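The values are calculated or read from the model by the stated rules, or taken from the named source; none is laboratory data. Since the structure is predicted, the reported quantities are computational estimates derived from the model, not experimental observations. Every residue, glycine among them, receives a Cβ derived from its backbone with ideal geometry; neighbour counts consider all protein chains shown.
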Amino acid sequence: MTTADTSGQSTRVAVLVGSLRADSVNRKIAEILRDQAPAGVEVDIIDGLEQVPFYNEDLDAGDAPAAAATLRERVSAADRVLAITPEYNGTMPAVLNNAIDWLSRPYGAGAIVGKPFGVVGATPTPYGGKWALADTARSAGIAGAVVVEDVTVSQSAIEVDPTTDADVQAKLLGALGTLVDFTPVVTAA
C-alpha cells in the first residue's frame with residue numbers, strides 16, 4: 001500500500017516515456033498511472049523529449065538549450081523518476097538514453113543524481129522489453145540515480161493488452177507504489 005507524505009505534500013513522480021508515438025502503449029501506461037495514482041501522488045509526464053537535442057557538451061557549456069533546461073527543472077522538482085519504455089532493437093530508445101544523458105550533467109550534480117528511479121514498460125515481443133528495462137536501469141544508475149530494483153514490470157504486449165488488462169495494471173500501480181514508498185538507505189561516512 002502506498003503511503004503518501006504525511007506532511008500534506010504530495011510525492012511527485014517525473015515520468016519519462018521512451019516512445020514518441022502519440023498512440024504508444026507506453027504513453028497510455030503513463031496516462032493510466034497518472035489518472036489512477038493514489039492520493040498524495042502526482043505523476044508528471046514529461047513531454048517534449050523529442051525537442052531535446054542529442055547531448056553534446058558544447059551545447060551544455062553555457063546555458064543548456066531550453067528543452068534540456070526544462071527537462072532538468074522538472075526532474076529536479078520531482079521526488080522520484082519513472083521511465084516507461086518500449087524496447088527498440090534489444091535496448092532502450094535513443095530519446096530515453098538522451099534524456100538520461102542530459103539529466104546526468106553536470107557530472108555528480110545532475111537532476112537525476114540521488115533520485116529513486118524505476119522502470120517499467122511494454123513491447124510487442126515475447127520478451128516484454130526486459131533488455132530495455134535492464135539497460136535503462138543500468139544507465140540511470142551510472143548517471144547517479146538510486147535504482148529501485150523492485151520497480152520493474154516487463155510486459156509483452158502480444159500476450160495481453162497492458163492498457164486494459166486488470167492484472168497488468170495492478171502490477172504497474174504496484175510498481176508505482178513501490179517507487180513512491182522507497183526510502184533510500186543512508187550510510188554513515
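Points worth noting:
- Some residue of segment 6-18 being at pLDDT 95 or above, touching a strand residue (DSSP E or B) at 6+ places or on another chain (Cβ under 9 Å) and of a type in the set (S, T, N, Q): yes
- Scope segment 116-127; condition surrounded by fewer than 24 Cβ atoms within 10 Å (Cβ to Cβ) and not hydroxyl-bearing (Ser, Thr, Tyr); matching residues: PRO116, PRO124, PRO126
- Residue list for segment 107-141, filter: assigned to a loop (DSSP other than H, G, I, E, B), in contact (Cβ under 8 Å) with a residue 40 or more places away in the chain and within 27 Å of VAL185 (Cα to Cα): ALA111, GLY114, LYS115
- Every condition in (1) among the acidic types (Asp, Glu); (2) touching a strand residue (DSSP E or B) at 6+ places or on another chain (Cβ under 9 Å); (3) surrounded by fewer than 19 Cβ atoms within 10 Å (Cβ to Cβ) holds for GLU50 except the one numbered (2).
- Among the candidates VAL113, VAL146, VAL95, VAL81, the residue that is under 12 Å from LEU16 (Cα atoms), at pLDDT 95 or above and surrounded by fewer than 22 Cβ atoms within 10 Å (Cβ to Cβ) is uniquely VAL95.
- Residue under evaluation ALA132, criteria (1) at pLDDT below 95; (2) over 13 Å from the mean Cα position of the chain (by Cα), criterion not met: (2)
- Positions within segment 89-115 being touching a helix residue (DSSP H, G or I) at 6+ places or on another chain (Cβ under 7 Å) and hydroxyl-bearing (Ser, Thr, Tyr), in sequence order: THR91
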